[in-house]
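Chemist: This is the structure I have questions about; it appears just below.
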Amino acid sequence: MGVGNGSPDVNQQTAHKEIRDETTPLLPVKGEEEGFHEFNGASFSGAVFNLSTTIVGAGIMALPASIKMLGLIPGLLMIIFVALLTEASIDMLVRCSHQGKITSYGWLMGEAYGQWGRIALQASVVINNIGVMIVYMIIIGDVLSGTTSDGIHHRGLLEGWFGAHLWNSRAVVLLVTTLLVFAPLVSFKRLDSLSYTSALSVALAVIFVVITAGIAIIKLIDGTVAMPKLFPELDDLSSIWKLFTAVPVLVTAYICHYNVHSIDNELEDRTQTQPIVRTSLALCSSVYIATSFFAYLLFGDGTLDDVLANFDSDLGIPFSSVFNDVVRVSYAAHVMLVFPIVFFALRLNLDGILFPTSRHISHDNKRFAIITISLLVVIYTAAIFIPSIWDAFQFTGATAAVLIGFIFPAMVILRDPYGIATKRDKILAVTMIVLAVLSNSVALYSDAMNIFRKKEVA
């Protein structure tokens, strides 16, 4: 695959075909070399399902906190706005890829900006996906072992059922989950092997959304829900700057670009890709809006960074403890099942950076095992020492995610290696870059200042 500088000739493209990393699709192309099983072509609904699974993950848990910070109306409008920007950025990637017969995001970046463009994309996917993996572990730790926020301890499921013990502490619970759940699931060398667990994960996410909405509606009818804050409270300049810290959370919630080419490669009719993307984004936006609205309506200003931690108190309805447990168990299980899908892309891209000319990682058991175990150790260790889901999303969202989702697609359109960009495309690309850089620079500055102030107070 051509990932060199400029527009490589046929011989260069043949030589580069040995590079299998982010330039190789997450799911093999039909009839691809290296002995992969041949795909007969994915259906429209199956492709929508796969892309939606990529999108809906941990981000849904942090969105209610963003709504609390931005206010109900601006927050919901931002969810829609970011979805539209995401659709535009994916459209840029798909049109360029179809024109140049490109089968992966990394290959496209390599065609536009050479080897360093490809490496920049791979590194961004690695950073973003490691951040997402850490967040997944934090969610599981919060749900099963509990979390403490602003001096208030929210009990986890195991602590609530059996009391506080060493065996159900966060470190031990995450270690057991890693060894008994994650390790077996990430050992599969084909994403196709995870299709059933992926289907179950979506069903579990829907259960969370339905129960949250149902409880909020019941309490709204009973008149026990306070009026949510429609707009943000802007008391001073610092409160304005603080609003920008919600942007990376929104950006991270829609990152699926590293999986789009994989889904596109499976389709017999590649003209379906753009309708699939739009359908998937519409579905995921509906889920995000419903979750954000009803969770914020239900918990108000008490909404935590990880809204699942809110489900450990009396909800003011019959069988409250049962609903609490069902919600938390269903989403914790959902996260466990999504974990290996995102991990697959992480491992593939890291291997592409470290061993760009080696044979495919699925054909090297030793390399496969070493990279898999090393990544699990790093993710587990980081999850133990990052205290808040908000911290993880702020920093990964403010760096790698905006590169993958907005800046790199815009850069491809501006370079326009296949001469297909319109004036409108280039204006949108420049706007996308400016908005991404500006909002996330402010967010990083705000995050840094908040950390500095906390240290001063301490």
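The values are calculated or read from the model by the stated rules, or taken from the named source; none is laboratory data. Here the structure is a predicted model, which means the values were calculated and not measured. Backbone-built Cβ (ideal geometry, glycine too); neighbour counts: all protein chains shown. In case anyone asks, the SASA skips ligands and DNA or RNA and just uses the protein heavy atoms, side chains included. Shrake-Rupley method; radii C 1.70, N 1.55, O 1.52, S 1.80 Å.
Chemist: What is the ratio of the Cα radius of gyration of the stretch 170-237 to 2.2 N^0.38 Å, with N the residue count, to two decimals?
Modeler: 1.86
Chemist: How would the stretch 52-112 be classified by its alpha-carbon gyration tensor: rounded, prolate or oblate, with rounded meaning a/c under 1.5 and the a/b versus b/c comparison settling the rest?
Modeler: Here the stretch 52-112 falls in the prolate category.
Chemist: Also: To the nearest whole percent, what portion of all C-alpha pairs in the stretch 107-233 is separated by more than 20 angstrom?
Modeler: Every Cα pair in the stretch 107-233 considered, those over 20 Å come to 70 percent.
Chemist: Another one. Could you tell me the convex hull volume per residue, in Å³, taken over the Cα atoms of the stretch 252-367?
Modeler: Convex hull volume per residue, Cα atoms: 169 Å³.
Chemist: If you don't mind, there's one more thing I want to ask. Which order do PHE294, PHE408 take by accessible area at a 1.4 Å probe, largest first?
Modeler: PHE294, PHE408
Chemist: Between the alpha-carbon centers of the stretch 295-321 and the stretch 273-292, tell me the distance in whole angstrom.
Modeler: 25 Å
Chemist: Related question: Rank these by accessible area, largest first, 1.4 Å probe: PHE339, PHE293, PHE188.
Modeler: Greatest to least solvent exposure: PHE188, PHE293, PHE339.
Chemist: If you don't mind, there's one more thing I want to ask. Find how much the distance from VAL322 to PHE231 grows on full extension, using 0.36 nm per residue of separation minus their present alpha carbon separation; answer in nm with one decimal.
Modeler: 29.4 nm
Chemist: Note down the accessible area of LEU348, probe 1.4 Å, to the nearest 10 Å².
Modeler: Surface accessible to solvent at LEU348 totals approximately 0 Å².
Chemist: Here's something else I'd like to know. For the peptides 423-433, 276-286, what is the packing order when you average, over each peptide's residues, the other Cβ atoms within 10 Å and list the highest mean first?
Modeler: 276-286, 423-433
Chemist: What's the carbon and sulfur percent of the stretch 221-266's accessible surface, probe 1.4 angstrom, rounded to a whole number?
Modeler: So the carbon and sulfur contribution to the accessible surface is 63 percent.
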